[in-house]
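Q: Below you will find the structure I want to go over with you.
Nothing in this text is a laboratory measurement; each read-out follows from the coordinates by a stated rule. Values in this document were obtained by computation on a predicted structure and should not be read as measured data. As a convention, Cβ positions derive from the backbone with ideal geometry for all residues, glycine included, and neighbour counts pool all protein chains shown.
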Amino acid sequence: MNTQRLLVTGGSGFLGAALTRRLVQDGHSVRVLDNHSRGAMRRLADVKDEIEVREGDIRDAAFVSDCLKGMDGVFHLAYINGTKFFYSKPEQVLDIAVKGMINVLDGCRTHNVGTVLYASSSEVYQTPPAVPTDEKAPLSVPDPLNPRYSYGGGKILGELMALNYGRTGFERMVVFRPHNVYGPDMGWEHVVPEFSLRLHALKKKSSGDGVQPFPIQGSGRETRAFCHVDDFTDGLMRLFKTGAHREIYHIGVDQETSIDTLAMEMSKISGINITIQPGKIAAGATNRRCPDIKKLRSLGFVPKISLEQGLIDTMGWYAANAHLAEDTNQPR
């Protein structure tokens, strides 16, 4: 593929920064749009001299339009993630979802930007009818009174707008759904960093003897399919090169891992003996989630990083940077 001028919204976030680094590596000219409320420029330190960064709000229509001027394509990732924010800031989640998507689509039409890749989520189908789950699973908001669904509901609206606006005026409109992507510097509110930091703290204060209690949410038998960020980025680049117009693709791995298995694997890496203590689970949480990725595999995608390998990499980063979690000025 020839080099292109590309905008990445949410480009200092976890996924956006990984994508930005990969696009630069592949020779593309990259402009990042972010207000860094959930992102951090440290994630772009390696490429800061090779990219253009514009700081501003995705809800500002004039700003977004100006950022799209001169671009060949856009990856729209700007959003609010982190489960606690679904519950605490549902209005802001939806405000960014709707206004941000409209601004991107309108800006693309104004400046003839023909390619859009929209970051959706596995949350759009919530509790799936079948596992592994393919792209045809029905989308769902089980309880509109539960603020958790502000996130999934906003992503459903984004998919509807992408696929219907995409009927006219766009060369390629591609929707992708990341599934439980993890890796170094992914934030603080997700299960892998939370377990990493707790195990790091236990190791610091433990004499190495005995079994440590390790409370978790839920029974521990809930499952997810954890995809390392490098595999995610490989999958997204496949879609950038060959993803079809007005199609939806799951990006992830098709290997389910229970949460108690995850905790035990991480404790083994840490050298800490733990015993799982089940607890309450948040209302609306999903018991099983694992994507069917045959559609992405048909484009040549093959996940390469084992869970053990990826956890060693990720836990090393959190052990070395645990102090950042205590800094209230750091993105959380």
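Q: So if I take the centroid of the Cα atoms in the range 71-93 and the same for the range 103-154, what is the distance between those two points in Å?
A: The distance from the Cα centre of the range 71-93 to that of the range 103-154 comes to 11 Å.
Q: With +1 on each Lys and Arg Cβ and -1 on each Asp and Glu Cβ, how big is the dipole of the chain about its Cα centre, in debye rounded to the nearest 20? Present the calculation step by step, with values, prior to reporting the outcome.
A: On the way: 39 positive and 38 negative charges, 65 e Å.
Dipole magnitude for the chain comes out near 320 debye.
Q: Let me ask something else. Given N residues in the range 228-332, what is Rg(Cα) / (2.2 N^0.38 Å)?
A: For the range 228-332, the normalised Cα radius of gyration is 1.34.
Q: Counting other Cβ atoms within 10 Å, keep those with at most 15, restrict to DSSP loop, and tell me which trypsin sites (Lys or Arg not before Pro) in the range 134-186 are left.
A: Filter output for the range 134-186: LYS136, ARG167.
Q: Over the chain, with a single point scatterer placed on each C-alpha, what log10 of the ratio I(q)/I(0) does the Debye formula yield at q = 0.08, 0.10, 0.11, 0.15 1/Å?
A: -0.36, -0.57, -0.69, -1.32
Q: What FRET efficiency would be calculated for the residue pair THR275, ILE312, taking the C-beta separation as r and a Förster radius of 22 Å, to the nearest 0.05?
A: Step by step, r from the Cβ atoms, then E = 0.45.
Q: Could you give the nm distance between label points at GLN217 and GLU247, where each point is 7 Å from its Cα heading toward the beta carbon?
A: According to this spin-label approximation, the distance is 3.4 nm.
Q: Ok, one more. Using only DSSP helix segments of four residues or longer, with each worth -39500 (n - 2.57), what per-residue ellipticity at 222 nm results for the chain after dividing by its residue count and rounding to 500?
A: Estimated from H runs of four or more residues: -11500 deg cm²/dmol.
Q: Of the peptides 25-33, 5-13, how do they stack up when ordered by the mean number of other Cβ atoms within 10 Å, highest first? Walk me through the intermediate numbers first.
A: Values: 25-33: 19.7, 5-13: 25.7.
Those peptides, ordered most packed to least, come out 5-13, 25-33.
Q: Also, quick follow-up: Return the percentage of antiparallel bridges among DSSP beta bridges fully within the chain, rounded to the nearest 5 %.
A: 5 percent
Q: Here is a follow-up. Within the chain, which DSSP H helices have Cα atoms that stretch 15 Å or more along the helix axis and a mean Kyte-Doolittle hydropathy of at least 0.5?
A: 14-25
Q: If you don't mind, another one. Kirkwood hydrodynamic radius, the range 71-133, all distinct C-alpha pairs: what's the number in Å?
A: Computed over Cα pairs of the range 71-133, the Kirkwood hydrodynamic radius comes out at 13.6 Å.
Q: If you don't mind, there's one more thing I want to ask. From the cross-link list LYS204/LYS268; LYS84/LYS304; LYS48/LYS205; LYS84/LYS280; LYS69/LYS99; LYS241/LYS294, which pairs have alpha carbons spaced over 27 Å apart?
A: As for pairs spanning more than 27 Å Cα to Cα, those are LYS84/LYS304; LYS48/LYS205.
Q: Same structure, new question: Name the shape class, rounded, prolate or oblate, that the alpha-carbon gyration tensor gives for the range 1-71, where a ≥ b ≥ c are the square roots of its eigenvalues, rounded holds for a/c under 1.5, and otherwise prolate holds if a/b is larger than b/c and oblate otherwise.
A: oblate
Q: What is the extension gain from MET41 to VAL98, computed as 0.36 nm multiplied by their sequence separation minus the C-alpha to C-alpha distance, in nm to one decimal?
A: On the way: separation 57, 0.36 × 57 = 20.52 nm, distance 2.53 nm.
So the extension gain works out to 18.0 nm.
Q: Shifting gears a bit: Can you give the three extents of the C-alpha atoms in the range 88-178 along their principal axes, from longest to shortest, in whole Å?
A: Principal extents (largest minus smallest coordinate, Cα): 38, 30, 18 Å.
Q: I've got another one for you. As an exercise, identify the trypsin sites (Lys or Arg not before Pro) in the range 208-257 lying in DSSP coil whose Cβ has no more than 13 other Cβ atoms within 10 Å. Before the final figure, lay out the partial values.
A: Details: sites: ARG221, ARG224, ARG238, LYS241, ARG246; in loops: ARG221, ARG246.
Sparse-neighbourhood loop trypsin sites (Lys or Arg not before Pro): ARG221.
Q: Using the C-alpha gyration tensor of the range 13-133, what are the square roots of 5 times its eigenvalues, in whole angstrom, with the largest one first?
A: On the way: eigenvalues 117, 64, 51 Å².
Over the Cα atoms of the range 13-133, the ellipsoid semi-axes are 24, 18, 16 Å.
Q: Straight-line reach from LYS295: which aspartates and glutamates have a Cα under 16 Å away, not including same-chain ones fewer than 8 places off?
A: ASP134, GLU135, ASP231, ASP234, GLU247, ASP254
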